[in-house]
1. Being surrounded by 13 or more Cβ atoms within 10 Å (Cβ to Cβ) and touching a strand residue (DSSP E or B) at 6+ places or on another chain (Cβ under 8 Å): is that true of LEU50 here?
2. Among all residue pairs at least 6 apart or on different chains, which show Cβ distances below 6 Å where the first residue, located in segment 219-237, is free of Cβ contacts under 8 Å to residues at least 24 places away in the same chain and more than 18 Å from PHE61 (Cβ to Cβ) and the second is in a helix (DSSP H, G or I) and not charged (D, E, K, R)?
3. Can you tell me which residue is nearest to the chain's Cα centre (by Cα) among those in segment 253-295 that are surrounded by 16 or more Cβ atoms within 10 Å (Cβ to Cβ) and of a type in the set (Val, Ile, Thr)?
4. Could you list, ordered by first residue, the pairs with Cβ atoms under 6 Å in which the first is in segment 39-68 and in contact (Cβ under 8 Å) with a residue 24 or more places away in the chain and the second is of a type in the set (S, T, N, Q), at least 6 apart or interchain?
5. Residue by residue through segment 271-295, note down the ones that are in a helix (DSSP H, G or I), among the β-branched types (Val, Ile, Thr) and at pLDDT below 90.
6. Strands (runs of 3 or more DSSP E) wholly in segment 68-160 with at least 3 residues that are modelled with pLDDT of 95 or more and over 24 Å from SER56 (Cβ atoms) - which ones?
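The values are calculated or read from the model by the stated rules, or taken from the named source; none is laboratory data. Everything numeric in this text was worked out from a predicted model, so none of it was measured. Backbone-built Cβ (ideal geometry, glycine too); neighbour counts: all protein chains shown.
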Amino acid sequence: MTIQSDAAPTPHIPERIRTALGLSPSGPHYAFYRHKGLVRAAHWINALCLAILFMSGLNIFNAHTALYWGNSSIFAHPILVLGTYYNDDGAVTRGVTTIFGHEFTTTGLFGASNEDGVLTGRGFPSWATLPGPNWLAMARQWHFAFAWLLVFNAVVFFIYGIWSRHFARDLAPTAKDLTHLPREIADHARLKFPHGEKARHYNALQKLAYCFVIFILGPLIVLTGLTMSPTMDSAFPLLEIFGGRQSARTIHFLCAFGFFGFFLVHVAMVILSGSWNNLRSMITGWYVIRGRKPS
């Protein structure tokens, strides 16, 4: 599929703004098939699963808003607490976040938030959790159902990635990639993104980020989730690997926010490097490249 266009738009829109808006380049450009169907399907299934898992996980966390290290809940020495202060009448006065004994007021976000105009004690606010109310049983059902869907989707994607050489061909960083890494970091910091033929392939930062998520963060969050299951503990020595159930819960929590951080950066890069072009490539597979198609 080739698209050739030499006509300048009227009125003139700077190329950087056109890219940010996801518009086609003003000069010659062509489209190539960037993402195959299974990759696109796996991407959107993952996006749905991770959104539901994250929000239901926050609701589960609200049942006990503290993290510890080891096998037991050592209430005197938590790593993190999303706590609430009450007055003598039992009314909520403020929310606090305590990290390694250092306390910060976080009213309205962590520890206490408004519900129907009333300040209420809860770790994460209702707009961030699924379901909205503190409902542990339902949150666990949502969490477990979509966790297994995520695992099934990941297994299919892993098999495809190895069989099709998608991992080796498209995601594995090369020595050349790592050599150019400092320059790419500087370019991304200045919001300068690859164009032309360079945009056909993932750069070193993308490869490292995707490999970290797929091969480290993903397996780690699944294994720590299984570690918190007594049934799994009886069959596999997962508790020994992670140093106890509470340690696994803490790592699971950090991995969840690792995914959330990746999501924020990923969405920002999609928007800044060409929102519609990137979105179209993940829906239809076709990605537009600035310049003439090589013969």
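1. No; evaluated as a whole, the condition is false for this residue.
2. From segment 219-237, the pairs are MET232/LEU226; ASP233/LEU239.
3. The selected residue is VAL270.
4. ALA42/ASN153; ILE45/ASN153; MET55/THR129; LEU58/THR129; ASN59/THR129; ASN62/ASN134; LEU67/THR250; TYR68/GLN246
5. Once the filter is applied, which keeps residues that are in a helix (DSSP H, G or I), among the β-branched types (Val, Ile, Thr) and at pLDDT below 90, segment 271-295 yields only ILE271.
6. Here the list reads 92-99, 102-105.
Here's the yes/no breakdown for (1) farther than 22 Å from GLY37 by Cα; (2) of a type outside the set (Val, Ile, Thr):
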| site | (1), (2) |
| --- | --- |
| ALA147 | yes, yes |
| LEU150 | no, yes |
| PHE158 | no, yes |
| ILE162 | no, no |
| ALA172 | no, yes |
| THR179 | yes, no |
| ASP187 | yes, yes |
| LYS198 | yes, yes |
| LYS207 | no, yes |
